[in-house]
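Read-outs: derived from the displayed coordinates by stated rules, not from any lab. All values reported here derive from a predicted model rather than from experimental measurement. For neighbour counting, all protein chains shown are included, and Cβ atoms are generated from backbone atoms with ideal geometry for every residue, glycine included.
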């Protein structure tokens with residue numbers, strides 16, 4: 001069980017920095033449970049490392065999950081702002097002008 005906890009702890013930490021961030025806290029919890037069970041049977045370096053890595057993976061995963069949620073919420077609110085719509089219109093106009101100039105140069 002100590003090796004399984006260690007592997008899950010490593011996976012939790014690595015997944016906290018990938019698009020699979022939403023899985024990381026759950027893997028961290030399972031790793032913590034397995035590490036605690038393994039430490040009760042026999043205290044070893046693998047079970048301690050698994051416990052520490054699982055806790056770090058749980059905390060990092062939860063933090064990244066919250067940070068991603070805040071970013072998504074902020075982006076959705078930004079699209080509603082009148083300043084964003086004005087900027088979007090200016091960029092569309094600039095893109096149309098650039099497209100016209102490229103078409104003129106092709107002729």
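Helix 2-15 and the long axis of the chain differ in direction by around 10°, with both axes built from C-alpha atoms. Using a cutoff of 8 angstrom between alpha carbon atoms and counting only pairs six or more residues apart, the relative contact order for the chain works out to 30 percent.
Between 41, 85, 93, the residue with the greatest mean-square fluctuation in the GNM of the chain (Cα pairs under 10 Å linked by springs) is 93. Compute the helix-to-body angle for 45-78: its Cα long axis versus the longest principal axis of the chain, expressed 0 to 90° and rounded to tens. Helix 45-78 sits roughly 20 degrees off the main axis of the chain. What percentage of all Cα-Cα pairs in region 1-66 are separated by more than 19 Å? Here the tail beyond 19 Å accounts for 22 percent of pairs. Ranked from largest, the principal axis spans of the Cα set of region 43-107 equal 77, 32, 8 Å. Between the Cα long axis of helix 24-41 and the first principal axis of the chain there is an angle of about 10°, rounded to the nearest 10. Extension gain for the segment residue 67 to residue 26, taken as residue separation times 0.36 nm less the Cα-Cα distance, is 13.1 nm to one decimal. Placing dummy labels 7 Å off each Cα toward the beta-carbon, the span from residue 83 to residue 102 is 3.0 nm.
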